[in-house]
Amino acid sequence: MSWPEKLAAAVAGLLLGAMLAGCTLEPVHARRPQQGPDVTALMAQVEVEPIPDRIGLLLRRRLEERLAPGGLAGPAHYRLRVQLRSSAAGALVGRSERVTRADLTLTAAFELFEDGRERPVLRSWAQSVHSHDVLESVFATRAAERAARERGVEALSGQIARRLALFFRSGEKAG
């Protein structure tokens with residue numbers, strides 16, 4: 001490596017170091033004394049309303065695990081209402097003109113209500129699309145559908161939990 005190349009590499013390294021030193025990334029759940037709410041404590045005060053159907057039951061259970069791993073911290077100060085839609089469509093047709101791959105789309109519209117308020121303080125949505133094989137064996141196809149459904153529920157619960165964490169972190173009081 002020649003002298004100018006070494007100098008250029010050193011300058012690039014110094015610039016990169018300076019940029020990273022100014023980076024202020026921190027976890028959403030990090031405790032910041034005197035700088036805002038305790039996100040983890042607020043999320044543990046969210047009660048998830050029942051969601052219809054089998055997929056809804058799975059989503060509710062996963063949301064409860066994500067929001068309050070140790071259970072509700074005292075009485076709930078927030079209610080989360082989720083409306084879940086599920087649809088399946090053939091995504092790939094084989095040579096025999098038979099569907100060989102399908103997409104499962106889960107869409108959740110959700111609202112967060114503060115205790116005693118009629119209007120939501122947060123309204124948002126999340127969506128997840130997961131594919132699965134459509135096989136000759138009905139049993140194998142059902143197992144693939146179930147796995148896609150579980151991946152979808154996992155993805156939706158993660159999106160909803162992140163949106164709630166960002167809402168609590170920001171300290172928003174929208175109506």
Checklist line | Meets criteria (more than 17 Å from Gly56 (Cβ to Cβ) and out of contact with any Phe, Trp or Tyr (no Cβ under 6 Å at 6 or more places or on another chain)) for Val129 | finding: yes
Note to self: Given the condition surrounded by 11 or more Cβ atoms within 10 Å (Cβ to Cβ), charged (D, E, K, R), modelled with pLDDT of 65 or more and touching a Leu at 6+ places or on another chain (Cβ under 7 Å), answer yes or no: does some residue in the stretch 27-38 qualify?
What the structure shows: no
Margin query: One residue is enough: does the stretch 110-120 have a residue meeting the conditions at pLDDT 80 or above, over 15 Å from Glu47 (Cβ atoms) and either not aromatic (Phe, Trp, Tyr) or not in a helix (DSSP H, G or I) (or both)?
Written below: yes
Check: Is there a residue being touching a residue at least 12 places away in the same chain (Cβ under 8 Å) and under 15 Å from the mean Cα position of the chain (by Cα) anywhere in the stretch 129-142?
Finding: yes
Next item on the list: Identify all residues within the stretch 135-166 that are crowded, with 19+ Cβ neighbours inside 10 Å and not small (Gly, Ala, Ser); write none if there are none.
Entry: Arg149, Val153, Leu156, Ile160, Leu164
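The values are calculated or read from the model by the stated rules, or taken from the named source; none is laboratory data. Source: prediction; values computed, not measured. Quick reminder, even Gly has a Cβ in these numbers, built from the backbone with ideal geometry, and neighbours come from all protein chains shown.
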